[in-house]
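Following: one structure in structure tokens, then a few remarks.
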Amino acid sequence: FVVYLERIVFLAAMYGHVVFVGRGAQCILPRASGIAVRLVAPLEWRIQRRMSRHHISRNQARKEIEEIETGRREFYRRYFQHDCSAASDFDLVLNVSRFSPSTIAQQIVEAYERIELDIAPNANVHV
């Protein structure tokens, strides 16, 4: 599985401007090839949001969040032998409970543009 995942991620990255959501792209691609962003939020905020969006109980929302987090951790450990929660693996970590989606998108774009400007003169890398 991971061999195919790596091929797909590399091919997509080679052929255009791509946004990868999850799937360990920050573990596959060279750091200089883009920006690795991690979106986080407090557990309580995530529970409330899941309850509201899916019309479920607090206990059910918490259970689903725990299952999702466990699945993500297992995915990273199994395929990348890595802890996906290490902030140092990301260029930018944003708490989504503090900003609107449009502000988050703007911050990511601005960070990407700054990385591109900062490393372009110093490296022989196309970002």
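Note on the chain: GNM, Cα springs under 10 Å; of 61, 25, 86, the largest mean-square fluctuation is that of 86. Note on exposure: 89, 83 ranked by accessible area (1.4 Å probe, complete protein assembly) read 83, 89, with the most exposed listed first. Taking 15, 112 and ordering them by how much accessible surface each has at a 1.4 Å probe, largest first, produces 15, 112. Extension gain, residue 69 to residue 44: 0.36 nm times the residue separation minus the Cα-Cα distance gives 7.6 nm. Using a Gaussian network model on the chain with a 10 Å cutoff between Cα atoms, which of 56, 35, 108 fluctuates the most? Taking springs between Cα atoms under 10 Å, the residue moving most is 56.
Subtracting the Cα-Cα distance of residue 12 and residue 78 from their residue separation scaled by 0.36 nm leaves 21.5 nm. Please state the relative contact order of the chain as a whole percent: Cα pairs under 8 Å, 6+ residues apart? Relative contact order for the chain comes out at 32 percent. Accessible surface of residue 99 in the full protein assembly, 1.4 angstrom probe, to the nearest 10 Å²? In the full protein context, residue 99 sits at about 80 Å².
From a point 7 Å beyond the Cα of residue 90 in the direction of its Cβ, which residues of the range 14-40 have a backbone N at a distance under 12 Å? Residues passing the 12 Å test: 22, 26, 36-40.
Ranking 55, 82 by solvent-accessible area of protein heavy atoms (1.4 Å probe, all protein chains present), from largest to smallest, gives 55, 82.
The values are calculated or read from the model by the stated rules, or taken from the named source; none is laboratory data. Everything numeric here is computed off the predicted structure, so don't read it as measured data. So basically every Cβ, Gly included, is an ideal-geometry build from the backbone, and we count neighbours across all protein chains shown. Areas reflect the complete protein model, heavy atoms only, side chains present, ligands, DNA and RNA absent. Shrake-Rupley method; radii C 1.70, N 1.55, O 1.52, S 1.80 Å.
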